[in-house]
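Everything below concerns the one structure shown next.
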Amino acid sequence: MKSLDALISAAVDHLAATRNAVALTGAGISIESGIPAFRGKGGLWERFDPMEIAHIDALVRDPARVWKLLVKDLKEIMDRAAPNDGHKGLARLEQLGILQTVITQNVDGLHQMAGNTDVIEFHGSFAWQRCMQCGRRVETRAVDASVLPPRCACGGVLRPDAVFFGEMIPPMALWRSQETTAACEVMLVVGTSAIVQPAASMPLIAKENGAVVIEINPEATPLTGVVSDILIPGKAGDIMNRILAQLENAR
Ligand code: OAD
């Protein structure tokens with residue numbers, strides 16, 4: 001088995017040789033910003049059944065319950081969250097002309113806050129709420145969550161502008177993700193368990209089109225050894241710092 005240093009050096013070689021890398025990120029990259037992931041120890045789905053709380057039918061049936069159990073807490077956490085070294089590293093890769101696009105399953109807006117300019121929000125965004133009646137959008141930070149569910153001026157219920165289970169991926173996000181993925185030379189897959197479709201098929205599309213696929217994750221995923229060429233085991237912040245240190249040194 002290769003050492004961590006050897007794996008990082010291999011990733012650096014691939015990144016240094018391209019100007020068209022794309023990243024696919026998941027909840028793991030935001031854990032170091034204090035936002036819980038979905039699966040695994042401490043994950044949201046350890047406490048809740050996603051079909052009971054994050055399915056569109058649950059939201060329509062009882063929005064107050066979904067707000068009380070899930071959305072209110074997430075709002076409080078995300079209102080305060082800031083990018084960590086993982087997000088900052090991806091922003092630096094863009095500045096260096098290596099990374100073109102971030103496709104994220106996260107709804108926390110931290111990639112944009114870190115400085116990435118082309119971020120595809122595959123599962124929508126938590127930064128905005130949408131009225132279920134008139135469609136008006138309101139910034140989540142400005143929403144008063146003292147009475148649940150919060151309502152729009154028209155009386156309709158506000159819901160996160162994010163994708164719930166049972167809903168479609170925003171068509172433009174899906175289309176652009178497939179296009180950028182098919183065209184990239186290196187795909188960095190950071191902090192995702194790679195089991196929720198169709199996001200999890202992006203690395204496969206990259207691979208089929210000749211890209212090198214590099215995972216950064218403390219754990220192996222279904223992609224590991226099958227689709228990904230390299231798994232760098234570790235936390236996103238630490239590994240991105242090491243990758244950047246080597247890349248900047250080589251410049
Ligand atoms: P998951 O919670 O399924 O997976 C998080 C991944 O991050 C796991 O593979 C962990 O091993 C890894 N991880 C943990 N700590 C890490 C760290 N410090 N650095 C890097 N990786 C770390 O999250 P997602 O794959 O994003 O969808 O989940 C995909 C989708 O499932 C979400 O977008 C959400 C959820 O249900 C919807 O809500 C529609």
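Any residue that is buried (at least 17 other Cβ atoms within 10 Å of the Cβ) and among the acidic types (Asp, Glu) - is there at least one of those in the range 197-210? The answer is no, given that none of the residues of the range 197-210 is buried (at least 17 other Cβ atoms within 10 Å of the Cβ) and among the acidic types (Asp, Glu).
GLU32 meets all of the listed conditions (1) touching an Asp or Glu at 6+ places or on another chain (Cβ under 9 Å); (2) in a helix (DSSP H, G or I); (3) more than 10 Å from the ligand (Cβ to nearest atom) but one, namely (3).
Restricting the first member to the range 1-12 and to residues that are over 11 Å from ARG242 (Cα atoms), and the second to residues that are surrounded by fewer than 16 Cβ atoms within 10 Å (Cβ to Cβ) and at pLDDT below 95, the beta-carbon pairs closer than 8 Å and six or more apart or on different chains are ALA10/LYS2.
Looking only at residues in the range 119-133 that are open to solvent by 40 Å² or more (accessible area, probe 1.4 Å) and not in a strand (DSSP E or B), which one is farthest from LEU96 (Cα to Cα)?
For the range 119-133, the residue satisfying everything is GLN133.
Please verify whether GLY97 is modelled with pLDDT of 95 or more, out of contact with any helix residue (DSSP H, G or I) (no Cβ under 8 Å at 6 or more places or on another chain) and under 23 Å from GLU179 (Cα atoms), treating the condition exactly as stated. When the stated conditions are applied, GLY97 passes them.
Considering the range 153-251, the qualifying helices (runs of 4 or more DSSP H), each wholly inside and each with 3 or more residues that are within 17 Å of ALA10 (Cα to Cα) and within 16 Å of the ligand (Cβ to nearest atom), run over 236-249.
Results for (1) under 20 Å from the mean Cα position of the chain (by Cα); (2) over 18 Å from ARG92 (Cβ atoms); (3) in the same structural domain as GLN112 (by TED's automatic domain parsing), shown as yes or no for each residue.
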residue: ALA10; (1), (2), (3): no, yes, yes
residue: ALA16; (1), (2), (3): no, no, yes
residue: ALA27; (1), (2), (3): yes, yes, yes
residue: GLY40; (1), (2), (3): yes, yes, no
residue: GLY43; (1), (2), (3): yes, yes, no
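When each of MET78, MET51, MET1 is tested for being open to solvent by 50 Å² or more (accessible area, probe 1.4 Å) and in contact with a Phe, Trp or Tyr (Cβ under 8 Å, 6 or more places away or on another chain), the lone residue that passes is MET51.
The values are calculated or read from the model by the stated rules, or taken from the named source; none is laboratory data. A quick note: this is a predicted structure, and the numbers were derived from the prediction, not measured. Glycine gets a Cβ as well: all are built from the backbone with ideal geometry, and neighbour counts include every protein chain shown. When the accessible area is computed, the model is the full protein with side chains, heavy atoms only, and any ligands, DNA or RNA have been set aside. Shrake-Rupley method; radii C 1.70, N 1.55, O 1.52, S 1.80 Å.
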